[in-house]
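Inspection log for the structure reproduced underneath, given as structure tokens.
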Amino acid sequence: MKPTTPHDVYMRQALALAARGRGTTSPNPMVGAVVADRTGVVGKGYHAFPGGPHGEVNALRDAGDRAVGATLYVTLEPCNHFGRTPPCTGAILDAGIARVVVGMRDPNPHVAGGGIRALEERGIVVECGVLEEECRRLNQPFIKHSTTGIPHVTLKAASTLDGRIASRTGDSKWITNERSRRFVHRLRQSRDAVLVGIGTARADDPRLTVRLPGKTPRRQRVRIVLDTRLRLSPESYLVRTAGEAPTWVACGQGAPSAAERALVERGVQVMRLPEEAGRVALVPLLRELGSRGVTSLLVEGGAHVLGAFLDQGLADEFFFFYAPKILADGRGIPMIAGRARPSLREAVEVHDVRIRRFGADWMVFGRFRANLY
């Protein structure tokens, strides 16, 4: 095992700070920073919301005069450009920092390395790549969106032990327990948007909002319905509450104009997109979402929607929940309904599998890519 170094210790503290911004920083990344001198940590900070001070600036403010000659540990390369806030490189230089230890370079190909170069040109010692894998894992949605222009996609489903998300009659409430459902709300809170197909929207009339006891989210997530022919009822909960939480419907080019007007009048945004095999094409959908600033997408169903994302290789990871129940009915609705795979050699491989228990329920997490972005 690789020995732990002081750099590792301080960077882990910076990572823990960065994680406090989960669900509140998008489209910006989560960034944490620690200022340390010979005596230990003298300043801490993290990025909390877009337009607010970056993690480095908050840590430097916390350190005050003790930042002079100290080392700054930061999970992501400091910015060197003006955005909603001034460049962090300027704040670092003004504070008198002597050394900067960076977890990972900025993934944006137009700015990567710019902050590091700006600091080195002014005589600051910069080290990069400390706990880089952990830093990259923290900001997968930001990295993917920065490098591809499309959102990071997470699949979520809850099923019985024999893989059924509903009975043959469509009964699905509730398969999992309260603890599992509470985790799902935290999962929603950490993503920019939540998507379901029209079948789920019509059968369940879901809210798709973040509801956590005693907590009011800074903002509700965008709710998206895949609805090729615009069959979503204007009286559905999603439409009736479009003024309280952003609601978008993705339809095909041939969807009825009258149905579109009925939804738009109630505050729903309608996205007309190309079709593929009679359904909204998913790649153009993801490109459209990416252009609208959606960096992370949680796909909650139904079975055919999950199957389509899986079949086309568009999903990055999954959270599957299993309750201690068995339907034992071949006509129950399966968790995923994708294309037929006649042999096990064609099965989709998953990586980095982790298992967590919520009471009697089990959650399985995994990624569809062997490597991180």
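What angle, in degrees between 0 and 90 and rounded to the nearest 10, separates the Cα long axis of helix 178-189 from the longest principal axis of the Cα atoms of the chain?
That helix lies at roughly 60 degrees to the long axis.
Applying 1/(1 + (r/R0)^6) with R0 = 25 Å to the Cβ-Cβ distance of VAL68 and ASN371, what FRET efficiency is obtained, to the nearest 0.05?
FRET efficiency, VAL68 to ASN371: 0.05.
Short version: ³J(HN,Hα) in whole Hz for each residue of region 354-363, in order, from phi by Karplus 6.51 cos²θ - 1.76 cosθ + 1.60 (θ = phi - 60°), x for Gly and Pro, what are they?
Those phi angles translate into 9, 10, 9, 10, 10, x, 8, 7, 10, 10 Hz.
Which angle between 0 and 90 degrees, to the nearest 10, do you get for helix 282-291 versus the longest principal axis of the chain when only C-alpha atoms count?
The angle comes out near 40 degrees.
Do any trypsin sites (Lys or Arg not before Pro) in region 293-358 lie in a loop, going by DSSP, with at most 12 other beta-carbon atoms within 10 Å of their beta carbon, and if so which?
Qualifying residues, ordered by number: ARG331, ARG339.
Between CYS128 and GLN312, how high is the FRET efficiency from 1/(1 + (r/R0)^6) when r is the Cβ-Cβ distance and R₀ = 35 Å? Nearest 0.05.
Once rounded, the FRET efficiency stands at 0.50.
With a 1.4 Å probe and every protein chain left in place, work out the accessible area per residue of region 186-272 in Å², rounded to a whole number.
On a per-residue basis, 46 Å².
Within region 200-265, which trypsin sites (Lys or Arg not before Pro) sit in a loop by DSSP and count at most 11 neighbouring Cβ atoms inside 10 Å?
Loop-located and lightly packed - ARG218.
Report the GluC sites (Glu not before Pro) located in region 160-267 that are in a DSSP loop and have at most 13 other Cβ atoms inside 10 Å of their Cβ, or state none.
For GluC sites (Glu not before Pro) across region 160-267 that sit outside H, G, I, E and B with at most 13 neighbouring Cβ atoms in 10 Å, the list reads GLU235, GLU244, GLU265.
Can you pull the one-decimal nm distance between simple spin-label points at GLU346 and GLN253, each 7 Å off the Cα toward Cβ?
3.1
Add -39500 (n - 2.57) for each DSSP H run of 4 or more in the chain, then divide by its residues: what number comes out at 222 nm, to the nearest 500 deg cm²/dmol?
After summing the helix terms and dividing by the residues of the chain, the value is -7500 deg cm²/dmol.
Just the Cα atoms of region 1-92: what Rg and Dmax do they give in Å?
12.9, 42
In nanometres, what is the gap between the two model label sites at SER167 and THR39, each 7 Å from Cα along Cα-to-Cβ?
A separation of 6.7 nm, rounded to one decimal place.
Report in % the part of the accessible area of the chain that belongs to carbon and sulfur, leaving out ligands and nucleic acids; probe 1.4 Å.
Heavy-atom surface of the chain belonging to carbon and sulfur, 1.4 Å probe: 50 percent.
Mind checking the angle between helix 6-18 and the chain's longest principal axis? C-alpha axes, 0 to 90 degrees, to the nearest 10.
For 6-18 against the chain, the angle is about 50 degrees.
If you stretched the chain out fully between GLU276 and VAL353, how much longer would it get, using 0.36 nm times the residue separation minus the C-alpha to C-alpha distance?
Stretched out fully, the GLU276 to VAL353 stretch lengthens by 24.5 nm.
Sorting check: for 6-18, 105-117, which peptide has the highest mean count of neighbouring beta carbons within 10 Å, and how do the rest follow?
6-18, 105-117
Applying 1/(1 + (r/R0)^6) with R0 = 22 Å to the Cβ-Cβ distance of ARG202 and GLU244, what FRET efficiency is obtained, to the nearest 0.05?
After rounding, the FRET efficiency stands at 0.60.
How big is region 222-373 along each principal axis, measuring the range of its Cα positions in Å and listing the largest first?
45, 33, 31
The values are calculated or read from the model by the stated rules, or taken from the named source; none is laboratory data. From a predicted model like this one, the values you see are computed outputs, not experimental measurements. Cβ: placed from backbone, ideal geometry, glycine included. Neighbour counts: every protein chain shown. For the accessible areas, the whole protein counts, side chains as well, though only heavy atoms, and no ligand, DNA or RNA atoms are used. Shrake-Rupley method; radii C 1.70, N 1.55, O 1.52, S 1.80 Å.
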